[in-house]
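Data first, discussion second: the structure below is written as structure tokens.
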Amino acid sequence: MKICLCFIGLQRTISKTYQDIQENIIDNKNEFTIVYVTWKNENIDDFLRIYPDSIIHRVDEVKLEDEEFNKWKIGLNMHISWRRTYNSLDDCLFRYYQHIYLLKKAALFLDYMKESFDLYVRLRTDINISGQIVSSCYDDIKEDTVYFPTAAASPSSGSGRHSIFGDDTGCPDHYFLGKPSNVLKVLSVIDYVHKYKINYIERWWFPEPTSEENIVQPESTLYKFLIGENISFEFLNNSVQIVR
């Protein structure tokens, strides 16, 4: 089986995580190609030291004042956890936009080589995986299904799927894998954010339940997108830890 491992985003802590990634993702049965999609101004020295034969695709940086972003943000409100983290609504919307913009650029690049691979695996550079080894499921991947970690944790937050509804209706995207056509759909979530913005009652961040409208939040928005677009997905029995 030919598998493309596509790292998307900043170089971050790849020097601390690559051994765990290799133990969980890379096996001796399959043929792996490593692709790294990142910004043109990102330092990639550590990444190239670890994966010298990788394919690098660099993307032009986006800026807060870009017309494309300022059109995209109209009618959107970021989840309260982000609004309390960043200085302004524009700032937190832009951070999310950067993330999903780069995912879409990766999809456009990967689309040209999709016929060459049996599976695509999207990865971050700053994660450790515990629990079920991802490579153990390669032979059992369903044709129409995308697979995600069952939980995610970071130094600043609890563990779980980070649903804004306080249940399991969230979908961590620290890694996901599946047949190329399905992974390419998930990477294109930026095209569907307005369609799947959320109105709900916020009960955790305010003293009294408060109506929140036109909300986007990465895990919950992705979950709603998958359901709404009839993209089948399952959770593997493992969790992801962000390494800083």
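In the list SER159, SER188, which residue meets the criterion of being closer than 23 Å to THR221 by Cα, modelled with pLDDT under 95 and surrounded by fewer than 22 Cβ atoms within 10 Å (Cβ to Cβ)?
SER159
If you scan the stretch 18-35, which residues turn out to be touching a strand residue (DSSP E or B) at 6+ places or on another chain (Cβ under 6 Å) and in contact (Cβ under 8 Å) with a residue 60 or more places away in the chain?
Once the filter is applied, which keeps residues that are touching a strand residue (DSSP E or B) at 6+ places or on another chain (Cβ under 6 Å) and in contact (Cβ under 8 Å) with a residue 60 or more places away in the chain, the stretch 18-35 yields ASP20, ASN24, ILE26, ASN30, THR33, VAL35.
Going by what's in this entry, would CYS137 be described as touching a Leu at 6+ places or on another chain (Cβ under 8 Å) and over 28 Å from ASN28 (Cβ atoms)?
Here the answer is no, as CYS137 does not meet what is asked.
Check ILE80 against each of (1) among the β-branched types (Val, Ile, Thr); (2) free of Cβ contacts under 8 Å to residues at least 12 places away in the same chain; (3) closer than 28 Å to PHE235 by Cβ and name the one condition it does not meet.
All conditions pass for ILE80, except number (2).
Restricting the search to the stretch 22-44, which residues are part of a helix (DSSP H, G or I) and more than 20 Å from ALA106 (Cα to Cα)? Full working, then the answer.
Restricting attention to the stretch 22-44, the residues satisfying the condition of being part of a helix (DSSP H, G or I) are 22-25.
Listed by number, the residues that qualify are GLN22, GLU23, ASN24.
What tally of residues in the stretch 54-98 results from selecting those that are of a type in the set (Phe, Trp, Tyr), under 16 Å from LYS197 (Cβ atoms) and within 18 Å of the chain's Cα centre (by Cα)?
Number satisfying all stated conditions: 3.
Between a first residue in the stretch 89-103 that is without any contact (Cβ under 8 Å) to a residue 24 or more places away in the chain and a second residue that is hydrophobic (A, V, I, L, M, F, W, C) and crowded, with 18+ Cβ neighbours inside 10 Å, which pairs have beta carbons less than 8 Å apart while being 6 or more apart in sequence or on different chains?
LEU89/MET78; CYS92/MET78; CYS92/TRP82; ARG95/TRP82
Give the residues of the stretch 211-233 that are farther than 11 Å from HIS79 by Cα and exposed (fewer than 12 other Cβ atoms within 10 Å of the Cβ), sorted by residue number.
SER211, GLY228, ASN230
Across the stretch 87-130, what is the number of residues that are out of contact with any strand residue (DSSP E or B) (no Cβ under 8 Å at 6 or more places or on another chain) and more than 20 Å from VAL59 (Cα to Cα)?
Final tally of qualifying residues: 5.
Here are some conditions: (1) over 11 Å from PHE225 (Cβ atoms); (2) part of a helix (DSSP H, G or I); (3) not charged (D, E, K, R). HIS162 meets all but one. Which one does it not meet?
(2)
For residues that are among the hydrophobic types (A, V, I, L, M, F, W, C) and surrounded by 12 or more Cβ atoms within 10 Å (Cβ to Cβ), tally how many sit in the stretch 191-205. Walk me through it before giving the result.
Of all residues in the stretch 191-205, those among the hydrophobic types (A, V, I, L, M, F, W, C) come to 193, 198, 201, 204-205.
Retained after the next criterion (residues that are surrounded by 12 or more Cβ atoms within 10 Å (Cβ to Cβ)): 193, 198, 205.
Of the residues in the stretch 191-205, 3 are among the hydrophobic types (A, V, I, L, M, F, W, C) and surrounded by 12 or more Cβ atoms within 10 Å (Cβ to Cβ).
The values are calculated or read from the model by the stated rules, or taken from the named source; none is laboratory data. Note that the structure is a prediction, hence the values are computed from the model and not measured. FYI the Cβ positions are ideal-geometry reconstructions off the backbone, even for glycines, and counts take in every protein chain you see.
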